[in-house]
Amino acid sequence: MTINVLLVEDQKLIRVGLKSLFEGQDDIVVSLEAQSAKEAIEKFRLNKPDIILMDIGLPDMSGIEAAKKIMEIDNKAKIIILTSHLSEQEIMDALHAGACAYVMKDISTDILKMIIKSVKDGAMWLDPQVVPILREKNCGVIPPRQMSRAMFKEQHANLTQREYEVLKLVVDGLSNNEIAQELTISEHTAKAHVCNIIQKLVVDDRTQAAVKALKEGLV
């Protein structure tokens with residue numbers, strides 16, 4: 001099934017670049033584009049895309065305010081904030097506005113595609129750069145590290161030491177090939193470790209495994 005994306009970005013060069021990432025693919029299609037928040041809200045209202053890929057810095061109002069208005073139209077809307085902003089306040093405001101994911105623009109293409117698919121399936125994604133900020137704020141979105149590592153290991157004692165190493169690299173956004181190079185193992189072995197981790201953590205994919213590890217304070 002094709003995932004239809006509304007891309008909200010005021011800078012044409014970035015918008016064209018992002019759209020080109022999905023050209024020639026059947027599973028993800030940028031079917032709608034908007035250069036402003038008001039245009040995004042109206043296009044969402046008329047077309048109800050599966051995913052909204054939203055920048056924060058828009059000319060008429062912030063992407064966070066646009067997210068709030070879209071959620072008022074449909075509280076099941078799935079919004080991914082894709083931004084270069086890493087301020088504590090904007091992260092918190094985006095999550096409170098109902099965003100399903102907060103992603104930095106230096107994310108790899110493969111990870112971005114995976115995030116889109118995972119959010120479409122109901123997952124949440126927090127960029128690894130965001131997690132320390134939320135922990136420092138101690139806002140309850142991500143629990144603090146204290147004693148969570150031991151608790152996590154107690155709950156998931158069947159993870160091997162190697163699987164913990166692989167899980168950390170999954171959280172860092174590495175692909176199976178990159179994990180293999182980092183740990184000096186074959187890509188097939190790296191893939192097998194990731195599959196085992198997904199099964200043992202009782203999640204559907206590597207994105208959810210990363211989110212669960214972050215929430216539990218394992219990495």
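Here are the numbers for this structure:
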quantity	calculated
The range 179-191: number of residues that are assigned to a loop (DSSP other than H, G, I, E, B) and touching a helix residue (DSSP H, G or I) at 6+ places or on another chain (Cβ under 9 Å)	2
Helices (runs of 4 or more DSSP H) lying entirely in the range 97-178 (those with 3 or more residues that are at pLDDT 80 or above and closer than 26 Å to residue 83 by Cβ)	109-120, 161-171
Selection count, the range 46-65, where residues are touching a residue at least 40 places away in the same chain (Cβ under 8 Å) and assigned to a loop (DSSP other than H, G, I, E, B)	6
Hey, residue 43 buried (at least 17 other Cβ atoms within 10 Å of the Cβ) and either part of a helix (DSSP H, G or I) or basic (Lys, Arg) (or both) or not	yes
Scope the range 70-99; condition touching a helix residue (DSSP H, G or I) at 6+ places or on another chain (Cβ under 7 Å), of a type outside the set (A, V, I, L, M, F, W, C) and surrounded by fewer than 17 Cβ atoms within 10 Å (Cβ to Cβ); matching residues	88
Test result for residue 5, over 19 Å from residue 123 (Cβ atoms) and among the hydrophobic types (A, V, I, L, M, F, W, C)	no
Close pairs from the range 7-34: first in a loop (DSSP other than H, G, I, E, B), partner surrounded by 18 or more Cβ atoms within 10 Å (Cβ to Cβ) and of a type in the set (Asp, Glu), Cβ under 9 Å, at least 6 apart	9/33; 9/55; 10/55; 11/55
Residue in the range 39-51 that is in contact with a strand residue (DSSP E or B) (Cβ under 6 Å, 6 or more places away or on another chain) and among the β-branched types (Val, Ile, Thr) present	yes
Within the range 183-210, considering residues that are closer than 20 Å to residue 129 by Cα and open to solvent by 20 Å² or more (accessible area, probe 1.4 Å), the one farthest from the chain's Cα centre (by Cα)	206
When residues of the range 192-206 are limited to those that are touching a residue at least 40 places away in the same chain (Cβ under 8 Å) and assigned to a helix (DSSP H, G or I), the one farthest from residue 177 (Cα to Cα)	200
Filter pass, residue 2 being modelled with pLDDT under 95 and open to solvent by less than 20 Å² (accessible area, probe 1.4 Å)	no
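The values are calculated or read from the model by the stated rules, or taken from the named source; none is laboratory data. Not measured: the values here are computed from a predicted model. No Cβ is skipped: glycine too gets one built from the backbone with ideal geometry, and neighbour counts run over all protein chains shown. Heavy atoms of the whole protein, side chains included, go into the accessibility calculation; ligands, DNA and RNA do not. Shrake-Rupley method; radii C 1.70, N 1.55, O 1.52, S 1.80 Å.
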